[in-house]
Amino acid sequence: MQVKAVSKNTGVPASKVRLYLDLVRGKKVTEALAILRFAPSPAAVHVAKTVKSAAASAENNFQMEPDALKIVKVFADGAPMMKRHKARSRGRVSPILKRSSHITVVVGDQEV
């Protein structure tokens, strides 16, 4: 059985989140959380929260063993951007795009 958790509008760009998703893809949940605990980035904090949420849902809702959980699938998609403008020379303006992302983590049993 697979359990999914989604973290929406995280405030961290998907390109920065994907660096930490590649570190934990295919690992056990306990091992992934140990890796993310020592990663020096706000993106790692968001990924760790989503992994914990998926593991807790699997344990509480489906009575799955937390030590036997493995990260089956993990990905980050782009979310809506905040669009701002910054003044430039000669009366012009340049756009500032403040990107955010949706993080999805799917955990399952070891034999999946």
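Roughly how compact is segment 67-112, stated as its Cα Rg over 2.2 N^0.38 Å to two decimals? If you can, show how the numbers build up before the last one.
On the way: Rg = 19.9 Å, N = 46, 2.2 N^0.38 = 9.4 Å.
The value comes to 2.11.
For every other residue with a beta carbon closer than 10 angstrom to the beta carbon of ALA34, add +1 if it is Lys or Arg and -1 if Asp or Glu, then tell me the sum. Don't jump to the answer; show the numbers that get you there.
Numbers: positive: LYS27, LYS28, ARG37; negative: GLU31.
Summing Lys/Arg as +1 and Asp/Glu as -1 gives +2.
With viscosity 1.567 mPa s and temperature 4 °C, the Kirkwood radius over alpha carbon pairs of segment 30-92 converts through Stokes-Einstein to a diffusion coefficient of 88 µm²/s. Each Lys or Arg adds one and each Asp or Glu subtracts one; over the other residues with Cβ under 10 Å from the Cβ of ALA43, this totals +2. Within the listed set PRO40, PRO66, PRO13, the residue fluctuating most in the Gaussian network model of the chain (springs between alpha-carbon atoms under 10 angstrom) is PRO40. Taking SER94, SER57, SER15 as the candidate residues, the one with maximal mean-square fluctuation in a Gaussian network model of the chain, Cα springs under 10 Å, is SER94.
How high is the relative contact order of the chain, in percent, with contacts defined as C-alpha pairs under 8 Å that are six or more residues apart?
Working: 214 pairs, mean separation 45.9, N = 112.
Relative CO of the chain lands at 41 percent.
Excluding ligands, DNA and RNA, the accessible surface per residue across the chain is 63 Å² with a 1.4 Å probe.
Direction-averaged projected area, Cα convex hull, the chain: 7.6 nm², rounded to one decimal.
The values are calculated or read from the model by the stated rules, or taken from the named source; none is laboratory data. The structure presented is a predicted model; accordingly, all values stated were derived computationally and were not measured. Cβ atoms come from the backbone with ideal geometry, glycine included; neighbour counts cover every protein chain shown. Ligands, DNA and RNA are stripped out before the accessible areas are found, and what is left, the full protein with its side chains, is counted by its heavy atoms. Shrake-Rupley method; radii C 1.70, N 1.55, O 1.52, S 1.80 Å.
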